[in-house]
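This report concerns only the one structure given below.
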Amino acid sequence: QLQLEESGGGLVQAGGSLTLLCTTSGRASSRPRMAWFRQAPGKEREFVAAIERDGGAKYHADNVKGRFTISRDPAKNAVYLQMNSLKPEDTAVYFCAAGSRGVAGDPTFYGYWGQGTQVTVSS
């Protein structure tokens, strides 16, 4: 069983930055594909970014490209989401997810999820 825990959320003004951290425990040696999704009130869960096992291939949603960057440190079982130039529309609960294959942006391909961390961007 793989456990995921997010941290780093908070309240920030528009234009500011935050770095989210996802730590994994349990089946750490599996090093699956890792991703970040987010969900705003009344909206569906939305893909943000994903990174492959070896950290080589990365995928970012169009609405965060150039502002958000996903990275991972396998030695620390950690995945990061650096968020710059934040906008009020980035306000959401951000979830870390782990999967092994399939479409990177499709949440149904991820079998493990964290509890989420709230990010609020004020205007």
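The values are calculated or read from the model by the stated rules, or taken from the named source; none is laboratory data. As the structure is a computational prediction, the values presented were derived from the model and not from experiment. Ideal geometry is used to build each Cβ from the backbone, glycine not excepted, and the neighbour counts take in all protein chains shown. Accessible surface is based on the protein model in full, side chains and every heavy atom, while ligands, DNA and RNA are left aside. Shrake-Rupley method; radii C 1.70, N 1.55, O 1.52, S 1.80 Å.
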Checklist entry - Does region 59-71 contain at least one residue that is out of contact with any Asp or Glu (no Cβ under 8 Å at 6 or more places or on another chain), among the polar types (S, T, N, Q) and under 16 Å from Leu2 (Cα atoms)? => result no
Checklist outcome for this item: Within region 55-75, of all residues that are basic (Lys, Arg) and surrounded by 12 or more Cβ atoms within 10 Å (Cβ to Cβ), the one modelled with the highest pLDDT is Arg67
Checklist outcome for this item: Residue hits (region 1-22; open to solvent by 50 Å² or more (accessible area, probe 1.4 Å) and modelled with pLDDT under 95) are Gln1, Gln3
Checklist entry - Considering region 64-95 alone, what residues qualify as being touching a helix residue (DSSP H, G or I) at 6+ places or on another chain (Cβ under 8 Å) and among the polar types (S, T, N, Q)? => result Asn77
Next on the checklist: If I filter region 29-54 down to residues being in contact with a Leu (Cβ under 8 Å, 6 or more places away or on another chain) and surrounded by fewer than 21 Cβ atoms within 10 Å (Cβ to Cβ), which single residue comes out as farthest from Phe95 (Cα to Cα)?
Outcome noted: Ser30
Next on the checklist: Being of a type in the set (Phe, Trp, Tyr), more than 16 Å from Val12 (Cβ to Cβ) and in contact with a strand residue (DSSP E or B) (Cβ under 6 Å, 6 or more places away or on another chain) is the requirement here; does Tyr59 meet it?
Outcome noted: yes
Item to check | Subset of region 85-123 (residues that are open to solvent by less than 10 Å² (accessible area, probe 1.4 Å) and among the acidic types (Asp, Glu)) | outcome: Asp90
